[in-house]
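Let me begin by presenting the structure, written as structure tokens, before commenting on it.
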């Protein structure tokens, strides 16, 4: 059968149109999945960074069991520093939706926000708990929605206890160490009283640091912070006890930023430089992330396994 050149030309044109349409649709999909809640503009005077999911030092891909990969602290710090070095950026918005995470990575982000040369406004969307609140304490103001969950100023330490299982399997534990507490918390034997006291001291130290950080950053009485007993509060209650400065939507926060810089805010979101596949994966994480999904460990002793969490 002879081919019709005219028909072939129409098919090629149709394929080109479909391909172009798919490309545009793909770009729009990526843009929707990777952009923040604040609209972006080619001309900008406000920088925005997002802290979403568990806060960790290194990135990790999500799995069906572990959930979203969470926020990589080093990336967020780099984004804040890039915004600070950008002469067009007059203010910084830190959007928070996180249940907490590792201690030092949370503090790295807080320090970067505190060092930003200009007004900084933290905005809690769904959840601003524990490590998220640690970060917020480094900003000039913290806003939340009336139904946001805010607070959880506390620390969790945990260790598995597999001593009973080891006995049933006939597994004995023997380790050679130098230093009384080098293997404190090892899971294959029962923890001793002096080890428990030692490990609890680490947790208490982190907690006192947390209280001090929030007290200085939020100008709050340390006793008032301790009295929260690591509770989470709805935004309305958090406002009443001074954990947040005001309640509002994204538009309200933008109006506040306008007051701070004396101009209409035009926002640019600072994000890591990632490939298409990773950006699509992160977009899916944002859709799937639910408040309260686990947090990452922050401290692991070399002798055993003791996880410390800002939760």
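Side notes on the structure shown:
- Cβ pairs under 6 Å, 6+ apart, first in segment 232-249 and without any contact (Cβ under 8 Å) to a residue 24 or more places away in the chain and at positive phi, second assigned to a helix (DSSP H, G or I) and buried (at least 22 other Cβ atoms within 10 Å of the Cβ): none
- Selection from segment 96-119 of residues that are part of a strand (DSSP E or B), buried (at least 24 other Cβ atoms within 10 Å of the Cβ) and at pLDDT 95 or above: 96, 98
- Scanning segment 148-165 for residues that are at pLDDT 95 or above and out of contact with any strand residue (DSSP E or B) (no Cβ under 6 Å at 6 or more places or on another chain) turns up just one, 153.
- If the condition is being crowded, with 18+ Cβ neighbours inside 10 Å and more than 22 Å from the chain's Cα centre (by Cα), then segment 229-256 contributes only 256.
- Pair list, Cβ < 8 Å and 6+ apart or interchain, from segment 196-220 residues that are under 21 Å from residue 151 (Cα atoms) to residues that are modelled with pLDDT under 95 and part of a helix (DSSP H, G or I): 206/103
- Checking residue 261 against (1) closer than 22 Å to residue 147 by Cα; (2) modelled with pLDDT of 95 or more; (3) touching a strand residue (DSSP E or B) at 6+ places or on another chain (Cβ under 6 Å); (4) surrounded by fewer than 19 Cβ atoms within 10 Å (Cβ to Cβ), the condition it does not meet: (1)
- Helices (runs of 4 or more DSSP H) fully within segment 209-261 that include at least 3 residues being farther than 29 Å from residue 90 by Cβ: 222-226, 235-240.
- All of 93, 89 fail the test of being in contact with a helix residue (DSSP H, G or I) (Cβ under 9 Å, 6 or more places away or on another chain), farther than 28 Å from residue 156 by Cβ, in contact (Cβ under 8 Å) with a residue 24 or more places away in the chain and buried (at least 24 other Cβ atoms within 10 Å of the Cβ), apart from 93.
- Matching option when the condition is crowded, with 24+ Cβ neighbours inside 10 Å and part of a loop (DSSP other than H, G, I, E, B), among 135, 153: 153
The values are calculated or read from the model by the stated rules, or taken from the named source; none is laboratory data. For clarity, every value in this text was computed on a predicted model and none was experimentally measured. Cβ sites come from the backbone with ideal geometry, for glycine too, and all protein chains shown count toward neighbours.
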